[in-house]
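In what follows, a single structure is set out as structure tokens and then discussed.
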Amino acid sequence: MGGPDFKMKKNEHRVEVLAEADVAKAIYAAQSLSQEMGFEKTARFMIATAVSELARNIFVYAGAGEVAVQAVEVDGKWGFEVIAEDAGPGIKDIALALKEGYSTGGTLGLGLPGVKRLMDEFYIDPERQIGTMIVARKWL
Amino acid sequence: MEGANTFSRVGMHVMRGCLIVPIQIELYDEVLQQLQRDILNKVNDTGVKGVIIDVSVVEIIDSFIAQIFVDICRMTALIGAQTILIGIRPALAGALTDLGIGVRDIHTALTLDHAISQLEPVVSPATSVLNIPEEDMTHEDAEYWAEDAEDEADLYVDEGQ
């Protein structure tokens, strides 16, 4: 699975995550876009939960960052895409972070594996030197 | 705690031996921490043996919020009360399962009625201490809670600050 390789994107909405209230803003952006794109209710909840998780990770682990949500098209298929980016401490061991039950933040530690299950595609940029970039997509 | 009065709090009341907590505000970190403290204090003050948290208007439960609810369940259990979450909508249930929140971690019921029926054997004043299965309660708990089992009055969180 690769990084962002979309042919077209639209309705991009960026939310700066600096405070906890921004998590709610990111959730709202995700809910509006997924509804607009025509996702059914359960999928909308999955998307919103995943975005909430990613935005909260930024707030808890990195302190500041950005969540961007957008509609992307790959080979005629439309999908919801979320990109969560921060310049925080980064994820030292990606495989470990994706293991069930692993956490360094004192939470359930289900965050990232959970996001992976909630969405159809999930990708952590392994090359990144500073901070973290996570891309997740769910197809219509 | 700083800013303790600047954010909204969740009102709660005691009904039929249960502490009913209808969440009707957005769940920020501080709100959740305060909610946790308020529930524990209220259980401690009133001696209720059942806590029912209504999450039917909660928009999204991510793993952080779920963790707080799991903690509330565990903490109230330690001071002798069982917590049940009600009002988890079907779409939210789907997302929660994918998130990996186990059913074992949180007790749930569909409606307030179901929750009260589930808790009835535990909270009913007539049961007193003797009819409660031993594994559900230690002797210390039993002695302690027997003292104030009668407290049924409606109570709110921010009484006389």
(request) Select from segment B:26-47 the residues that are crowded, with 21+ Cβ neighbours inside 10 Å and either in contact with a Ser or Thr (Cβ under 9 Å, 6 or more places away or on another chain) or basic (K, R) (or both) and list them in ascending order. (result) B:I39, B:K42, B:V43
(request) Could you please let me know if A:Q35 is surrounded by fewer than 16 Cβ atoms within 10 Å (Cβ to Cβ), on the phi < 0 side of the Ramachandran plot and not acidic (D, E)? (result) yes
(request) Kindly check whether there is at least one residue in segment A:93-116 that is within 14 Å of chain B (Cβ to nearest Cβ) and assigned to a strand (DSSP E or B). (result) no
(request) Please find, within segment B:23-50, the residue that is farthest from the other protein chains (Cβ to nearest Cβ) out of those that are in contact with a helix residue (DSSP H, G or I) (Cβ under 9 Å, 6 or more places away or on another chain) and more than 21 Å from B:Q67 (Cβ to Cβ). (result) B:G47
(request) Go through the residues of segment A:40-60 one by one and say whether even a single one is buried (at least 17 other Cβ atoms within 10 Å of the Cβ), more than 11 Å from every other protein chain (Cβ to nearest Cβ), within 23 Å of B:L96 (Cβ to Cβ) and β-branched (V, I, T). (result) yes
(message) Show the residue pairs meeting these rules: Cβ distance below 7 Å; 6+ apart or different chains; first residue within segment B:83-99 and of a type in the set (G, A, S); second residue outside any helix (DSSP H, G or I) and surrounded by fewer than 17 Cβ atoms within 10 Å (Cβ to Cβ).
(response) B:G87/B:S56
(request) Return the total of residues in segment B:51-68 being out of contact with any helix residue (DSSP H, G or I) (no Cβ under 6 Å at 6 or more places or on another chain) and modelled with pLDDT of 90 or more. (result) 4
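The values are calculated or read from the model by the stated rules, or taken from the named source; none is laboratory data. What you are looking at is a predicted structure, and each value in this text was computed from that prediction instead of being measured. Backbone-built Cβ (ideal geometry, glycine too); neighbour counts: all protein chains shown.
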